[in-house]
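Structure first, commentary second.
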Amino acid sequence: MHIPPFDNKNIPIVDIDDSRVPLNYLNIVNLKKDQSFEFKLTGYETCIVPATGTIDINIEGVNFNSIGKRIVDVWDGEPEGVYVPTNIKAEFVCKTEKAEVFIAGAKYHKTLEPFAVRETEIDKVQYGSDDTKTHRKIKHILGGQHHEKVGRLLCNELYTVGQGGWSGFPPHKHDTDRLPNETRHDETYNYRFKPNNGFGFQLFQAENESVGKAAHIINKSTVLVKSGYHPCVVAPGYEMYYFTILGGLSQRSLVQYFQPDHAYQLETIPGIKDMIAKYK
């Protein structure tokens, strides 16, 4: 499902128990200097990630200061984030002229411990190639290295490398728990383009469909993926970024099922198997 850009007024775009992607939560909070925002979610763990700007975060008396180094846009440096446990109140204050802040969440019932992920701790992987039109970089904020500290949430940033090209390819899905072949993970994206008048297309294809559907995505589009295959593509002349939230139903590790007609390209796209391993 595609949600065109709109002013959400710091109200969740995907709230708890949203029937469209019930395992996910997304809010995008915009603040000016010294403004604050607080929240407490029942049954959802979260990660606070500034898209731009710097914030100080307090999680029930535990302080994480100067989170976020990017000023211009999401291409302006590495991400940082803070994990917020289920059922715990969090508050953050804008320390720069302004800040735009992602709050990513996944359904999880246990209360763990908060922690910060600094820019030097981001787990990065780059794969694909210009020849295969699949060249991209992934920056894992909450990735496989955090399995002992996080319940169900995976949180990362994906960038196309260069202008134009495909992402989420070969087409894959993760809508059914049937290990060892696949896991059920709901997924939510928020897109950015450089220059910001760029655009792309998000494809949606149910397993039983021979022809899927496409959504025209633009800067700050949100996409919800509950089921089916879902590759995307950016137009020539533009770079594409999307903030990604994954929430697992029964486990945190993601197992993707690749569309059989195109799965042979797992053998031809450079580095893709290393990318897949980072989600496990």
Q) In segment 121-139, what residues are under 16 Å from the mean Cα position of the chain (by Cα) and either exposed (fewer than 15 other Cβ atoms within 10 Å of the Cβ) or among the aliphatic types (A, V, I, L, M) (or both)? A) Ile122, Lys124, Val125, Ile138
Q: Select from segment 83-100 the residues that are among the hydrophobic types (A, V, I, L, M, F, W, C) and either touching a Leu at 6+ places or on another chain (Cβ under 6 Å) or loosely packed, with under 15 Cβ neighbours inside 10 Å (or both) and list them in ascending order.
A: Cys94, Ala99
Q. How do the pairs read when you match residues in segment 14-38 that are under 27 Å from Arg252 (Cβ atoms) with residues anywhere that are surrounded by fewer than 18 Cβ atoms within 10 Å (Cβ to Cβ) and charged (D, E, K, R), using Cβ under 6 Å and keeping only pairs 6 or more apart or on different chains?
A. Glu38/Glu91
Q.
Quick check on segment 214-223. Is at least one of its residues within 21 Å of Gly81 (Cβ to Cβ), in contact with a His (Cβ under 8 Å, 6 or more places away or on another chain) and either of a type outside the set (Asp, Glu) or free of Cβ contacts under 8 Å to residues at least 12 places away in the same chain (or both)?
A. yes
**Q.** Every residue from segment 40-49 that is assigned to a strand (DSSP E or B) and out of contact with any Pro (no Cβ under 8 Å at 6 or more places or on another chain)
**A.** Tyr44, Thr46, Cys47, Ile48
Q) Going by the structure shown, is Asn196 under 13 Å from Val234 (Cβ atoms), out of contact with any Asp or Glu (no Cβ under 7 Å at 6 or more places or on another chain), outside any strand (DSSP E or B) and of a type outside the set (Val, Ile, Thr)? A) yes
Q. For segment 203-242, what are the residues that are of a type in the set (S, T, N, Q) and at pLDDT below 95?
A. Asn208, Ser210
Q. Just checking, how many residues over segment 140-149 are modelled with pLDDT of 95 or more, part of a loop (DSSP other than H, G, I, E, B) and in contact with a helix residue (DSSP H, G or I) (Cβ under 9 Å, 6 or more places away or on another chain)?
A. 0
Q: Only residues in segment 248-271 that are within 16 Å of Asp131 (Cβ to Cβ) count as the first member; pair them with residues that are polar (S, T, N, Q) and outside any helix (DSSP H, G or I), Cβ under 8 angstrom, at least 6 apart or cross-chain, and list the lot.
A: Gln265/Thr132; Thr268/Thr132; Ile269/Ser129; Ile269/Thr132; Ile269/Thr134; Pro270/Ser129; Pro270/Thr132; Gly271/Gln126
Q: Evaluate the following for Asn156: is it touching a Gly at 6+ places or on another chain (Cβ under 7 Å) and either surrounded by 22 or more Cβ atoms within 10 Å (Cβ to Cβ) or not in a strand (DSSP E or B) (or both)?
A: yes
Q. Does Thr188 satisfy the criteria of being surrounded by 15 or more Cβ atoms within 10 Å (Cβ to Cβ) and β-branched (Val, Ile, Thr)?
A. yes
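Yes/no per residue for (1) modelled with pLDDT of 95 or more; (2) in contact with a Leu (Cβ under 8 Å, 6 or more places away or on another chain); (3) of a type in the set (Asp, Glu); (4) part of a loop (DSSP other than H, G, I, E, B):
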residue	(1), (2), (3), (4)
Gly151	yes, yes, no, yes
Gln163	no, no, no, yes
Asp177	yes, yes, yes, no
His185	yes, yes, no, no
Asn190	yes, yes, no, no
**Q.** Residue ID - surrounded by the fewest Cβ atoms within 10 Å (Cβ to Cβ), chosen from residues in segment 40-52 that are under 15 Å from the mean Cα position of the chain (by Cα), in contact (Cβ under 8 Å) with a residue 60 or more places away in the chain and over 14 Å from Lys220 (Cβ atoms)
**A.** Cys47
Q: Looking only at segment 26-39, decide whether some residue is surrounded by fewer than 22 Cβ atoms within 10 Å (Cβ to Cβ) and under 16 Å from the mean Cα position of the chain (by Cα).
A: yes
Q) Filter segment 199-226 for residues that are more than 24 Å from Pro260 (Cα to Cα) and not in a strand (DSSP E or B); which is farthest from the chain's Cα centre (by Cα)? A) Asn219
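The values are calculated or read from the model by the stated rules, or taken from the named source; none is laboratory data. Not measured: the values here are computed from a predicted model. Glycine gets a Cβ as well: all are built from the backbone with ideal geometry, and neighbour counts include every protein chain shown.
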